[in-house]
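First the structure, in the form of structure tokens, and then the observations on it.
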Amino acid sequence: MHIATDGIVIKERPIGEKDKVITILTRTEGIIEAIARGVRNTKSRLLSGVSLFTYSDFSIYKGKTNFIIDSAEEKTSFYGVSAALEKTALCFYFSSVCISLSPSGEESEAFLRLFLNSLYLLEKDLKDISLVKAVFELKVAEYGGFSPSLTACSVCGVYEDNKMFLNLRSGELFCDSHKRGMGEIPLSKKVLTAFRFVYFNEIERAFGFQLDSLSLRQFSSAAEMYLLAQTNEKFKTLDFFKSITGKYDG
Ligand SMILES: [Zn+2]
């Protein structure tokens, strides 16, 4: 079997003396783990195309037990991300989440576009890092099948209240009168508007808004709590990111 697809290298580890195992988030086949032979030799023709956080055109074949990289042509490398520890740590977290939520063996274009857009914004410093993180978390939850119901209060259908409440498990929204008081987080008008903006826009537009610093903190915290509650997972890479940014409280 032979696969030709574009994708981004989201994880790597050495194997043997000269090889690496790379995890690629591909457009057509979701997550693929493949062996890149001889790439720890600096003269390898594969070297640039299989580097971490590099977006490449891959040719991959299936050996008896493993996928093996035949060729990898670099399209874009996000050096600016690799050069800043905080950004690198955030991308490791993005990688863990995609490995957990992206399909294997089927198309995964939405995840790939999300990853590439996030990397681009981080690389160019176009958006606050906590905004990029939060939008990534909400979009990846959506693509993983965990979209909240943000249209209106689940009980009375009211669209807006001074505060609305998001149930982290069910993804339902409640107004102040109908909140249950358990497992819910309050969303201010600004934060709810940001949530809706992210969910009601395609990824290329979903980062296109701004928040004041207090609302951004609340938005960022709510997005993270929502993703973690929905996936019911703990990500060590998230703890690592927080230890670097000084936000680690675990
Ligand atoms: Zn209500």
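All of the numbers you see were taken from the coordinates with simple rules; none came from a lab. On a predicted model such as this, the values are computed, not experimentally measured, just so you know. Note that we place each Cβ from the backbone using ideal geometry, even for glycine, and neighbour counts take in every protein chain shown.
If each DSSP helix of 4+ residues adds -39,500 (n - 2.57) and the sum is divided by the residues in the chain, what number results at 222 nm, nearest 500 deg cm²/dmol?
That calculation yields -12000 deg cm²/dmol at 222 nm.
Using only the alpha-carbon atoms, how far is helix 236-245 inclined from the longest principal axis of the chain? Give it as 0 to 90 degrees, nearest 10.
Tilt of helix 236-245: around 70 degrees.
Give a residue-ordered list of calculated ³J(HN,Hα) values for the range 149-163 (Karplus: 6.51 cos²θ - 1.76 cosθ + 1.60, θ = phi - 60°; whole Hz; x for Gly, Pro).
With coefficients 6.51, -1.76 and 1.60, one gets 9, 9, 5, 6, 4, 5, 8, 10, x, 5, 7, 8, 9, 3, 10 Hz.
May I ask you to evaluate 6.51 cos²θ - 1.76 cosθ + 1.60, the Karplus curve with θ = phi - 60°, for each residue of the range 188-204 and list the ³J(HN,Hα) values in order in whole Hz, giving x for glycine and proline?
Each residue of the range 188-204 in turn: 5, 4, 5, 5, 5, 4, 5, 4, 5, 4, 5, 6, 8, 10, 5, 4, 5 Hz.
For the range 1-125, what D do you get in µm² per second when you plug the Kirkwood radius from alpha-carbon pairs into Stokes-Einstein at 10 °C and 1.306 mPa s?
111
Summing Lys, Arg as +1 and Asp, Glu as -1, what charge do residues with Cβ under 12 Å from the Cβ of Ser104 carry, Ser104 excluded?
-4
Give the dimensionless ratio obtained when the Cα radius of gyration of the chain is divided by 2.2 N^0.38 Å.
After normalising by residue count via 2.2 N^0.38 Å, the value is 1.10.
Quick one: which residues, 5+ away or cross-chain, put their amide H under 5 Å from the amide H of Glu172? H built at 1.01 Å from N.
Excluding prolines and chain starts, which carry no amide H, the hits are Ser149, Asn167.
Using amide H atoms built in the peptide plane, which far-off residues or other-chain residues are under 5 Å from Ile15 H to H?
Lys20, Val21
Would you mind pulling out the separation of the Cα centroids of the range 58-125 and the range 171-250, in Å?
Distance between centres, Cα-based: 23 Å.
Output wanted: per-residue J couplings in Hz (rounded whole) for the range 115-130, from phi through Karplus 6.51 cos²θ - 1.76 cosθ + 1.60, θ = phi - 60°, x for Gly and Pro.
Whole-Hz 3J(HN,Hα) from phi for the range 115-130: 4, 5, 4, 5, 4, 4, 5, 5, 4, 8, 6, 7, 9, 4, 4, 6.
Out of Leu25, Val198, Gly49, whose Cα points farthest toward the positive end of the dipole of the chain (charges: +1 Lys, Arg; -1 Asp, Glu; placed on Cβ)?
Gly49
Quick one: net charge of Ser82's neighbours, Cβ under 15 Å, K/R +1, D/E -1?
-2
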